[in-house]
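Only one structure is covered here, and it is reproduced in the block below.
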Amino acid sequence: MLLFSGAACLRIFLTSQKHTQIGGPYTLVNGQGQIVTQAAFEGHYTLLYFGYTHCVDICPLTLATVSAALDELGKRGESIIPVFISVDPERDTPKVLQDYVERFSPRIVGLTGSETQLQSVVKAFHVSARRQVPNGAGYLIDHSSLLYFMDGQNHLVGMIPVDASAHQIASELRRLLPPS
């Protein structure tokens, strides 16, 4: 119960604060094996989520919800690039990641990289990711779950909890986007 309360307080703190120190330059690899940096998204809003393809519940639900939220936004949603960054470089190869994100939407950009590359971006976004002790079928990764909404200059605009509904996410994005 104490751990749950602490996590809830941290989420409230993170989502309610104005953060200028979240995010930064990164170099990762997309599903086609091409190098991608944050500069590739310059001039575009991005909605970043950190997870992994073997996640049994939160990650697939979040990607499906994000896809539905962007659909609900219609034309305004087309201006946002959803990005899924893996925290599991051992299993999430570019091909595995590409196949995974395409199940939710062809718009989602999947990014992965070496342990060193991922540690750099995880640190820049203050993401927590810890591998659990393996069980017979493999391992799970405990990771923080927030959506990071970044502007076209890779600056944080806002953070959205992943337990929000598609409608709530769409409403928050509508609020955070500049008037059209």
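Here are the numbers for the structure shown:
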{"read-out": "Candidates G113, G138, G152: whichever shows maximal mean-square fluctuation once the chain is modelled as a Gaussian network with Cα springs under 10 Å", "value": "G138"}
{"read-out": "Share, in percent, of DSSP beta bridges within the chain that are antiparallel, nearest 5", "value": "65"}
{"read-out": "Prolate/oblate/rounded call for region 17-68, Cα gyration tensor, a/c under 1.5 rounded", "value": "oblate"}
{"read-out": "The chain: C-alpha gyration tensor shape, a/c 1.5 cut-off, then a/b vs b/c", "value": "rounded"}
{"read-out": "Helix-derived mean residue ellipticity, 222 nm - over the chain, DSSP H n ≥ 4, -39500 (n - 2.57), to 500", "value": "-10500 deg cm²/dmol"}
{"read-out": "Rg followed by Dmax, in Å, when region 15-110 is reduced to its Cα trace", "value": "13.5, 37"}
{"read-out": "Relative contact order (%) - criterion: Cα under 8 Å, at least six apart; region: region 87-167", "value": "18"}
{"read-out": "Cα-based shape type of region 59-160, given that a ≥ b ≥ c are square roots of the gyration tensor eigenvalues and the cut on a/c is 1.5", "value": "prolate"}
{"read-out": "Two-site label geometry, Q32 and R76: point separation in nm, points 7 Å out along Cα→Cβ", "value": "3.1"}
{"read-out": "Under 15 Å, Cβ to Cβ, from R130 - net charge with Lys/Arg +1 and Asp/Glu -1", "value": "-2"}
{"read-out": "Average Cα contact separation per residue, the chain, under 8 Å, 6 or more apart, as relative contact order %", "value": "30"}
{"read-out": "Among Q34, Q168, Q153: highest mean-square fluctuation, GNM of the chain, C-alpha pairs under 10 Å", "value": "Q34"}
{"read-out": "Furthest towards positive pole of dipole, V162, G113, P178, structure part the chain, Cβ charges", "value": "P178"}
{"read-out": "Solvent-accessible area of R131 with every protein chain in place, 1.4 Å probe, in Å² to the nearest 10", "value": "130"}
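The values are calculated or read from the model by the stated rules, or taken from the named source; none is laboratory data. Everything numeric here is computed off the predicted structure, so don't read it as measured data. Heads up, the Cβs are rebuilt from the backbone with ideal geometry, glycines too, and the neighbour counts pull from every protein chain shown. For accessibility, only protein heavy atoms count, side chains too; no ligands or nucleic acids. Shrake-Rupley method; radii C 1.70, N 1.55, O 1.52, S 1.80 Å.
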